[in-house]
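Taking it in order: structure first as structure tokens, then the write-up.
All of the numbers you see were taken from the coordinates with simple rules; none came from a lab. No experiment lies behind these values; they were computed from the predicted model shown. Backbone-built Cβ (ideal geometry, glycine too); neighbour counts: all protein chains shown.
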Amino acid sequence: MNLAYRDVRHNLFRFLLTCLGLSLLLSVVLAMIGIYRGIVVDALTIARNHGVDLWVVEAGSRGPFAEASRIPGDSREAIARLAGVATAGSVTYQTVEAEHSARKLRLYVVGFEPGRLGGPEHIVAGRTIAQSHFEMIADRSTGLTLDTRIRLGRTVFSVVGLTENQVASGGDPVVFISLLDAQKLQFDLAPPAARVQLARGTSGASRDTVNAVVARLAPGTNPEMVVEAARRWKHLSAMTQIEQESILTQSLVDRARRQIGMFTTILLLVSAVIIALIIYTMTMEKLRHIAMLKLIGAPDRTIVAMIVQQALALGLTGFFFGAVLVANIKAYFPRRVVLDPDNVLALGGVVFLVCLLASGLGVRAALKADPATALGG
Amino acid sequence: MPAAASESLVSLRGIFKHFGEGETRIDALKDISLNVSPGEVVALLGPSGSGKTTLLNVIACILDPSQGRMSLEGELVFDSKWLRQDLRRLRLDKIGFIFQFHNLLPFLNATDNVAIVLQLAGYEPAAARERAIELLEYLEVGNRKNAFPAKLSGGEAQRVAIARALANRPRIILADEPTAALDSKRAQIVMDLLRKLAADQSAAVIAVTHDEKIFDRFDRIFMLRDGRLEDERRAVAA
């Protein structure tokens, strides 16, 4: 006779209510883990999107994401000629705010040369940029749809393609425009400022600069050798894709990552304490029945099994409902929530262990229960 | 007349029990000797703090006597120390308990409240349920076999509790105020039932009670005063 099951069945509503409370708590833990993973994935999205092996940036800079980087626009041709480089492209990155449907849109704008590296790898609707000007590929999370027209700076763009899950490390959705448009958007002065510059006799520096050159290497090429070759130009610096990803996760989002990690740990500890208290309270309520069981001869293993099984049933049911809840609402979070099966299983394991440890308090109280209390002593 | 120790189901010899030491020492039981024979129904009376519950706890093997000897069903179980380690098993095999407030497990129905004792003793679940239903029918609560304790009347719950106490065919039944929660009519019925069980199963029933209405249902009544046991005649004389 499984006493834990019988007790749960008899008090099913109360058990489910407790599970619901616990599931809400565990769903918050799970959501925090998802947000933590989301920050890392978001940070790597743009860097991974181009599918490149090499990043060439301004000398002494760890750009283009962690630090500012400006290099001459013709760097791409020089890099493309290096031995082992299969193809290369120039890119620019900038954040702009635009207005659309009477609301502010914060966008991360990527400028690339159509037909070269640096554009989106996968377009889910529409087409890629075919003209040198006024066309845009936008991520669905911007809320923009095909053929929507939107003003960036002094230029109006038409959305010709859509991507999915393309966001910057800050969570801003990404749009892609041609390099020429991006340079104009980034470096052109407003007409009054341009007139002042002309009056001073300085027409302004050339706007043919880019933030980075990305390159894909030929199969079998050692990236380190190409990096060394690119560094021979004193005004350039180069890094491999792995180094770029390392900068993004360890530098750019490190504080946010650690902050969320810390908060998740605290939440997990709070959950552990709450689970322990629930199980302890459940046991204390049954102390007289436990004393009676001991009096009529029930061995300790029967009593321990009842408490541990209930603790595990409570924790794992709460965890299951919590996971289902987060899986169903994660799309509504403003930032990406990534639930890797590994992370979910790991939290399930932690909940299992926490329940086992938490039931220890209840088991201790149960084992100390005096059978004499059942006899009225 | 008390039976000889060798024929007794419960035999206590020179049992002492004290709590604390020095100035805080309380002598709860003083030189208690008692024999209860098969078929006997015995009452323990006494004012509050006289040691009734302490004596019941000692016989139930849940409280260590400070001194003395105790035999249950002819087996010497205590002689200045416990002679068996598995006291819970001893209780399961030899002793049935009846409580003032039935103490049924609220999450088990009447049948399972009885069957659990049998399963703890090693019965298969189906056999345990079969025997539990037999007992409930014997105690005339078979029609309530699927009811949970909260749905049973006081008398029905006490009958289920008696069925549980008898499930493992113990020959020693300890009852703590078994009729205190019942009206006089149901109290008489329960006591008649205990007398019948004692006779049918050659069991010994030891009950702590204050209920004067049922005194005539006991074979012997012992009075406890300040931890000392006096027999029926002395109690009446006092």
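Relative to the Cα centre, what is the charge dipole magnitude of the protein assembly as shown, using +1 at the beta carbon of each Lys and Arg, -1 at the beta carbon of each Asp and Glu, and rounding to the nearest 20 debye? If you can, show how the numbers build up before the last one.
Values: 70 positive and 61 negative charges, 189 e Å.
Result for the protein assembly as shown is approximately 900 debye, rounded to the nearest 20.
Pairs of Cα atoms under 8 Å, at least six residues apart: use those to get the relative contact order of chain B, whole percent.
27
Shielding of A:4-11 by partners, i.e. mean partner chain Cβ atoms within 10 Å per residue?
3
In whole Å, what are the Cα extents of chain B along the three principal axes, biggest one first?
53, 39, 36
For B:Val77, which sequence-distant residues (separation of 5 or more, or a different chain) have an amide H within less than 5 Å of its own amide H, given hydrogens modelled in the peptide plane?
Here the answer is B:Met70, B:Ser71, B:Leu72, since their amide H atoms fall under 5 Å of that of B:Val77.
Skipping prolines and chain starts, which residues have an amide H placed within reach, meaning under 5 Å, of the one on B:Gly96, given they are 5 or more residues away or on another chain?
Under 5 Å from the amide H of B:Gly96 lie the amide H atoms of B:Ile172, B:Ile173, B:Leu174, each far enough along the sequence or on another chain.
Using the 10 angstrom Cβ neighbour count as an exposure proxy, how do A:Met1, A:Met239 rank, fewest first?
A:Met1, A:Met239
Taking θ as phi - 60°, what are the ³J(HN,Hα) couplings along the range B:23-38 by the Karplus curve (6.51, -1.76, 1.60), each to the nearest whole Hz, with x for Gly and Pro?
With the stated coefficients, the range B:23-38 comes to 5, 8, 5, 10, 8, 7, 10, 10, 6, 7, 10, 7, 10, 10, 8, x Hz.
Which three extents, in angstrom, do the Cα atoms of the range A:243-368 have along their principal axes, listed largest first?
68, 27, 20 Å, listed from the longest principal axis down.
Within 10 Å of each Cβ of B:81-88, how many other protein chain Cβ atoms are there on average?
Average neighbour count from other chains, rounded to a whole number: 2.
³J(HN,Hα) across the range B:101-110 via Karplus (A = 6.51, B = -1.76, C = 1.60, θ = phi - 60°), whole Hz, x for Gly/Pro?
Per residue, the Karplus-derived 3J(HN,Hα) values read 10, 6, 6, 6, 6, x, 8, 10, 6, 4 Hz.
Evaluate 2.2 N^0.38 Å with N set to the residue count of the protein assembly as shown, then give the Cα radius of gyration divided by it.
Working: Rg = 41.4 Å, N = 615, 2.2 N^0.38 = 25.2 Å.
After normalising by residue count via 2.2 N^0.38 Å, the value is 1.64.
What is the sum of charges around A:His235, taking Lys and Arg as +1, Asp and Glu as -1, for the other residues whose C-beta is under 12 Å from the C-beta of A:His235?
Overall, the nearby charge balance is +2.
I'd like to know which of A:Pro223, A:Gly143, A:Ser90 lies farthest towards the positive end of the charge dipole of the range A:60-234, counting +1 on Cβ of Lys and Arg and -1 on Cβ of Asp and Glu.
A:Ser90
Place a +1 charge on the Cβ of each Lys and Arg in the range A:1-141 and a -1 charge on the Cβ of each Asp and Glu, then give the dipole magnitude about the Cα centre in debye, rounded to the nearest 20. Can you show the working numbers first?
Working: 15 positive and 13 negative charges, 141 e Å.
So the dipole magnitude of the range A:1-141 works out to roughly 680 debye.
Give me the angle, in degrees from 0 to 90, between the Cα long axis of helix B:184-201 and the longest principal axis of the Cα atoms of chain B, rounded to the nearest 10.
The answer is roughly 80 degrees.
Tell me the mean residue ellipticity at 222 nm calculated for chain B from its helices only (DSSP H runs of n ≥ 4, each -39500 (n - 2.57), averaged over every residue, nearest 500).
-10000 deg cm²/dmol
Tell me, what ³J(HN,Hα) does each residue in the range A:322-334 have, in order and in whole Hz, if you take phi through Karplus 6.51 cos²θ - 1.76 cosθ + 1.60 with θ = phi - 60° and put x for Gly and Pro?
Using θ = phi - 60°, the values come out as x, 5, 4, 4, 5, 4, 8, 10, 4, 5, 8, 5, x Hz.
Ranking A:Leu180, A:Leu54 by Cβ neighbours within 10 Å, fewest first, what do you get? Don't skip to the end; give the middle numbers.
On the way: A:Leu180 16, A:Leu54 27.
The most exposed by this proxy come first: A:Leu180, A:Leu54.
For chain B, modelled as a Gaussian network with Cα springs under 10 Å, which listed residue fluctuates most, B:Leu90, B:Leu194, B:Leu44?
Highest fluctuation among the options: B:Leu90.
Taking H placed 1.01 Å from N in the peptide plane, check which residues at least 5 places from A:Val109 or on another chain put their amide H under 5 Å from its amide H.
Long-range HN contacts for A:Val109: A:Gln94, A:Thr95, A:Val96, A:Val175.
Principal axis lengths of the range B:32-83 from Cα atoms, whole Å, largest first?
The Cα atoms of the range B:32-83 stretch 32, 28, 17 Å along the principal axes, largest first.
Which of the lysines could be linked to B:Lys185 by a straight reach, that is with a Cα gap under 29 Å, when you skip same-chain ones fewer than 8 residues away?
Output for B:Lys185: B:Lys52, B:Lys145, B:Lys151, B:Lys196, B:Lys213.
Based on other C-beta atoms within 10 Å, arrange B:Val205, A:Val196 from fewest to most.
A:Val196, B:Val205
With point charges of +1 on the Cβ of Lys and Arg and -1 on the Cβ of Asp and Glu, referenced to the Cα centre of the range A:60-234, which listed residue (A:Leu117, A:Val174, A:Gly73) lies farthest in the positive direction of the dipole?
Going by the charge dipole, the pick is A:Gly73.
Divide the volume of the convex hull of the Cα atoms of the range A:60-234 by its number of residues and quote the answer in cubic angstrom per residue. Could the numbers behind the result be given before it?
Values: hull volume 24.2 nm³, N = 175.
Once divided by residue count, the hull of the range A:60-234 is 138 Å³.
Would you look at the GNM of chain A, springs on alpha carbons closer than 10 Å, and say which of A:Arg207, A:Arg103, A:Arg62 moves the most?
Maximum fluctuation in the GNM of chain A, among the listed residues, is at A:Arg103.
Between the helical axis of A:254-285 and the dominant principal axis of chain A, each derived from Cα atoms, what acute angle in degrees is found, rounded to the nearest 10?
Taking Cα atoms only, the helix is inclined about 10 degrees.
Distance between Cα centroids, the range A:1-56 to the range A:117-191: provide it in whole Å.
34
Working from Cα positions, state the angle (0 to 90°, nearest 10) between the long axis of helix B:125-138 and the longest principal axis of chain B.
With both axes taken from Cα atoms, the answer is about 80 degrees.
Other chains near B:48-58: what is the mean number of their Cβ atoms within 10 Å of each residue's Cβ?
Averaged over the peptide's residues, the number is 2.
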